[in-house]
Amino acid sequence: MHRFPFFILIFLFLSSCKPSLYEIRKLETSQEIKNGILLIQLKDERENIELLEKYGREKKAARLEKETEKYNFKIKSAFKEYYNYSDYHFILQKEWIDSINGKIRIVNANEGVQELDNENIFYAYFSSQKEYGDDDREFDTTTIRIKSLSQLMNSFKRELELTTHDVGGYPNFNHLAKFTEKKLIDWNRKRGKSLNGG
């Protein structure tokens with residue numbers, strides 16, 4: 001009789017299980033993102049910069065503008081370099097997104113109104129925070145949250161949340177873009193296997 005270590009038995013058991021409803025939703029949402037458009041949120045500090053300038057805080061306003069430009073440049077560079085899973089657009093944080101007759105309108109100060117005609121439009125935004133491990137060591141995490149903007153009423157909730165432990169700079173958007181791409185590809189591959197009875 002063969003004896004397997006306990007963790008191998010657990011792995012074999014889990015890998016033979018059918019996916020839960022929560023996992024099926026992730027698999028289905030990953031496919032919709034692939035066929036859709038991902039709107040990636042950039043930081044928009046225009047109001048704060050203008051307010052600082054109004055009260056004579058030009059140096060602080062210039063510093064905030066530079067930090068915002070650097071932050072947005074990192075996001076754009078990371079996704080242009082490491083994310084190919086779906087079509088995507090960058091959108092400023094305070095741009096107005098409106099859904100009319102099944103179309104998404106993005107209204108911004110510079111470019112006017114842009115309409116996106118796709119039944120699968122998702123919005124991605126970021127949050128960063130410090131967390132503590134079991135040994136009280138501090139580490140940085142960045143979370144990307146992806147939500148459907150074109151979701152039909154009474155359909156299942158189309159959203160994903162991915163958190164990475166940042167490597168290097170904080171937040172590390174290169175790492176996050178690679179991680180997002182990898183997870184979406186993995187879920188889409190699992191979806192294919194599930195549909196084919198694998």
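The values are calculated or read from the model by the stated rules, or taken from the named source; none is laboratory data. Source: prediction; values computed, not measured. Here Cβ is always computed from backbone atoms with ideal geometry, including for glycine, and neighbour counts include all displayed protein chains.
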Any hit, region 8-29, residues being over 22 Å from Phe122 (Cβ atoms), at pLDDT 90 or above and of a type in the set (A, V, I, L, M): no
Qualifying positions in region 142-174 - part of a loop (DSSP other than H, G, I, E, B) and at pLDDT 75 or above: Leu149, Asn172
